[in-house]
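The values are calculated or read from the model by the stated rules, or taken from the named source; none is laboratory data. Keep in mind it's a predicted model, so treat the numbers as computed, not measured. No Cβ is skipped: glycine too gets one built from the backbone with ideal geometry, and neighbour counts run over all protein chains shown.
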Amino acid sequence: MRKIGNFTAFFGADDVFSNWHPCRFTYHAVAFTSVEQFMMVRREVA
């Protein structure tokens, strides 16, 4: 994490609140390893 004024930025996979932080989950029988993967797939299907 990095503080920039009043904002907290999340730049890399090491930051727990980053979209690239490793986390395994399944949504509608599709497995994901990060929230970023999920968001990209949902953007394509929406």
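From the list Thr26, Thr8, Thr33, the one residue that fits, being without any contact (Cβ under 8 Å) to a residue 12 or more places away in the chain and surrounded by 12 or more Cβ atoms within 10 Å (Cβ to Cβ), is Thr33.
Applying the condition of being outside any loop (DSSP other than H, G, I, E, B) and of a type in the set (D, E, K, R) to the range 1-33 and asking which residue is modelled with the lowest pLDDT yields Arg2. Only residues that are out of contact with any helix residue (DSSP H, G or I) (no Cβ under 9 Å at 6 or more places or on another chain) and of a type outside the set (D, E, K, R) were counted in the range 17-30, giving 5.
Every listed requirement among (1) in contact with an Asp or Glu (Cβ under 6 Å, 6 or more places away or on another chain); (2) not in a loop (DSSP other than H, G, I, E, B) is met by Val41 save one, (1).
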